[in-house]
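Student: Structure provided below as structure tokens; questions to follow.
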Amino acid sequence: MKSLHPTPEDLDLAASLLRQGQLVALPTETVYGLAGDATNPEAVAAIFRAKNRPADHPLIVHLPELDHLMNWAASVPDHAWPVIERFWPGPLTLVLPARSDVPAIINAGQDTVALRWSSHPLLQQVLDRLQRPVAAPSANPFCRISPTTAEHVRSHLEGQIAAVLDGGPCAVGIESTILDLSGPRPAILRPGAISADMLAPYLDLAEKAAPGAPRVPGNLALHYSPRQPCYRIERKEAESSAVLWQECAVLAIDAPSTAPAWFRQMPSTPDAYAQALYAALHEADGSGCPSVLVVLPPDEPAWRAVRDRLLRAARPLG
């Protein structure tokens, strides 16, 4: 795997490799994505093989610019345009009716397609050179912890992809919000940095997705998981269970009174916690401890996206 840096020569090389049908891990503001030319079915198939990803799990298509939107979406409802104007480019994925020529391998045979226009400057510079969209799920084995640094990518995909472009740590740290605009009423299918409260002034959001909503990435019951067994516990139960921590790698906002084998104190605000989350899980997974324990942050709306990732990454303790 080549290590690329943010120089004009390496950005040219990243675009050239993608044009040749090879896979390149690219930074976004959320997590590193495993990018392949979305117009090349063989490159898209290689993404599934590298991640060991099931074929029924659709991919997100990252657009070079807004002008490419209608090359993939059959239609865009009127209420979508204020959202696009406010939140694109950014950490928001829109699920829209797909054009009939969208390859089935990308949308897993559904009649919708997930589209995103990222704000990360390095990804944008590569796409400006490529002048075509890329399919780019997170650059990690399927269901494992998402990568927020180039080193995370190398540790999981060495020898399986052509290159990784090192853009430093990702600013947001968890995957994009996925907003379904294909049905009668908009709904969030995966929470992220763009919250329901932020979208509410622009949309009449459903409280939850309707039955039969499109399948989207990151919605399995178990996802984002370390290799080691990973457990979760609510804060109110933490002290009474402290004796169980002693051999664990522990992530918590509050320092425990009983010292665990390994401890990472997590930030006390949702945005900072999200930015640190996957890096902390990667560290805990490599700590040498036989298991990982996460003390969950508060069950409050501001923490919805972080808790969503942790509820999928970790099983209940006990």
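The values are calculated or read from the model by the stated rules, or taken from the named source; none is laboratory data. Since this is a predicted model, take the numbers as computed values, not measurements. Don't worry about glycine lacking a Cβ; one is built from the backbone with ideal geometry, like all the others, and counts go over all protein chains shown. To get the accessible areas, we keep the full protein, side chains included, count just its heavy atoms, and leave off ligands, DNA and RNA. Shrake-Rupley method; radii C 1.70, N 1.55, O 1.52, S 1.80 Å.
Student: Quick check on the range 240-318: what are the equivalent-ellipsoid semi-axes from the Cα gyration tensor, as sqrt(5λ), descending, whole Å?
Tutor: Those come to 20, 13, 12 Å.
Student: If you plug each phi of the range 98-104 into the Karplus form 6.51 cos²θ - 1.76 cosθ + 1.60 with θ = phi - 60°, what whole-Hz ³J(HN,Hα) values come out, in order, with x for Gly and Pro?
Tutor: 8, 5, 5, 9, 5, x, 4
Student: Another question, then. For a quick check: with amide H placed at 1.01 Å from N, whose amide H comes under 5 Å from Arg144's, ignoring anything fewer than 5 positions away on the same chain?
Tutor: When sequence neighbours closer than 5 places are left aside, the close amide H contacts are Tyr224, Ser225.
Student: Could you check how much of the accessible area of the chain is carbon and sulfur, as a whole percent, using a 1.4 Å probe?
Tutor: Here carbon and sulfur together make up 51 percent of the probe-accessible area.
Student: Could you name the aspartates and glutamates whose alpha carbon sits less than 17 Å from that of Lys51, not counting residues in the same chain fewer than 8 places away?
Tutor: Output for Lys51: Asp37, Glu42, Glu151, Glu158, Glu175.
Student: Counting only Cα atoms, I'd like the Rg/Rh figure for the range 184-285, Kirkwood definition for Rh.
Tutor: That ratio equals 1.06.
Student: Still on this structure: What is the dipole size for the range 181-268, taken about its Cα centre, with +1 at each Lys and Arg Cβ and -1 at each Asp and Glu Cβ, in debye to the nearest 20?
Tutor: It comes to approximately 340 debye.
Student: Continuing with this model, one more query. Along Cα→Cβ, 7 Å out, is where each label goes; now give me the distance between the ones at Glu234 and Glu300 in nm to one decimal.
Tutor: Here the answer is 1.6 nm between the modelled labels.
Student: Here's a follow-up. Simple spin-label model, 7 Å along Cα-to-Cβ: Arg215 to Asp12 in nm?
Tutor: Taking the two extended label points, one gets 4.2 nm.
Student: Let me ask something additional. What nm value, rounded to one decimal, do you get for the distance between Asp271 and Ser257 when each label is placed 7 Å out toward the C-beta?
Tutor: 3.5 nm
Student: Note down, for the chain, the three equivalent ellipsoid semi-axes (square root of 5 times each alpha carbon gyration tensor eigenvalue), biggest first, whole angstrom.
Tutor: 32, 24, 16
Student: OK, next. Taking the chain as a Gaussian network, Cα atoms linked when under 10 Å apart, which of Ile106, Ile145, Ile84 shows the biggest mean-square fluctuation?
Tutor: Ile84
Student: Can you give me the Rg/Rh ratio for the range 79-208, using Cα atoms for both radii and the Kirkwood formula for Rh?
Tutor: 0.97
Student: Counting only Cα, what are the radius of gyration and maximum Cα-Cα distance Dmax of the range 113-155, in Å?
Tutor: Rg, Dmax (Cα atoms, Å): 12.1, 31.
Student: Expressed in whole Å with the largest first, what are the equivalent ellipsoid semi-axes of the range 1-143 derived from the C-alpha gyration tensor as the square root of 5 times each eigenvalue?
Tutor: The three semi-axes for the range 1-143 are 23, 19, 13 Å.
Student: What does the charge dipole of the range 233-318 about its Cα centre add up to, to the nearest 20 debye, if the Cβ of each Lys and Arg holds +1 and the Cβ of each Asp and Glu holds -1?
Tutor: The dipole magnitude comes to about 180 debye.
Student: Same structure again: Binning every alpha carbon pair distance of the range 40-91 at 10 Å from zero, what are the percents per bin?
Tutor: Going out from 0 Å in 10 Å bins, the range 40-91 shows 18, 42, 28, 12 percent.
Student: A further question on this structure: Out of all DSSP beta bridges in the chain, what portion is antiparallel? Express it as a percent rounded to 5.
Tutor: 40 percent
Student: Hey, got the Cα dimensions of the range 5-65 along the principal axes, in Å, largest first?
Tutor: Sorted from largest, the Cα extents of the range 5-65 read 37, 26, 23 Å.
Student: Let me ask another. Show me the ranking of peptides 39-50, 22-33 by mean Cβ neighbours inside 10 Å, starting with the highest.
Tutor: Packing proxy ranking, top to bottom: 22-33, 39-50.
Student: Please list, in chain and number order, the residues 5+ apart from Leu189 or on another chain whose amide H is under 5 Å from its amide H, with Hs placed from the backbone.
Tutor: Ile178, Leu179, Asp180
Student: Mind listing the phi-derived Karplus ³J(HN,Hα) values for the range 131-140, rounded to whole Hz, using 6.51, -1.76 and 1.60 with θ = phi - 60°, and x for any glycine or proline?
Tutor: 6, 7, x, 10, 8, 8, x, 4, 8, 8
Student: Then there's this: Of the listed peptides 130-143, 67-80, what is their order by residue-averaged count of other C-beta atoms within 10 Å, with the highest listed first?
Tutor: Answer by packing, highest mean first, reads 130-143, 67-80.
Student: For q = 0.27, 0.30 Å⁻¹, what log10 I(q)/I(0) does the range 77-127 give under the Debye formula with an equal point scatterer on each alpha carbon and no solvent?
Tutor: The calculated log intensity ratios at q = 0.27, 0.30 Å⁻¹ are -1.00, -1.04.
Student: Then there is this: How long is the gain from Asn71 to Glu151 if the chain were fully straight, where each residue apart is worth 0.36 nm and the alpha carbon distance is subtracted?
Tutor: The span from Asn71 to Glu151 would gain 25.4 nm if fully extended.
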